[in-house]
Amino acid sequence: MPVAMCSVSDDEDGPSTFPATLSPITGSLALYGIGTQSATCSYTDAGGLTATTSVTYSIVDTTAPVIAVQSRNACRQLCRLEHQRCHRDLDVHRPWRPCVIDGLGDNHR
């Protein structure tokens, strides 16, 4: 995640950039870094004048889960279950087609 930065332009002090102050992430998945967070920027110039602003944003998970088959036997079971589901859902009787499992080098029946 990129760092939230504050940019200030002040007539007395000129331009300045510094990291924002971040609130803790809140929400039911905060433990995993997913939820709501606020970034706050506050600056006091040399004359004692202060400006503050903040923004609240959502942190979401955009990565799909990855499923890995652990053994050839599990591959065979998965293929059989998929074959049975297709027959049940479509109510057709067609010949068994091989189930190709990428990375295992052959077809499983």
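Sorting 8-19, 57-68, 39-50 by average packing, meaning the other beta carbons within 10 Å per residue, from highest down gives 39-50, 8-19, 57-68. Proximity of backbone amide H atoms, modeled 1.01 Å from N, is registered between D13 and A46 at under 5 Å, excluding neighbours fewer than 5 places apart on the same chain. Be a star and scan the stretch 15-34 for residues whose amide nitrogen sits under 20 Å from the point 7 Å along the Cα-to-Cβ vector of T56. The answer is 20-34, whose backbone nitrogens lie closer than 20 Å to the label point.
Bear in mind these aren't lab numbers, they're just calculated from the coordinates by the rules spelled out. Just so it is clear, the structure is predicted and the values come from calculations on it, not from any experiment. Note: ideal-geometry Cβ built from the backbone for every residue, glycine included; neighbour counts use all protein chains shown.
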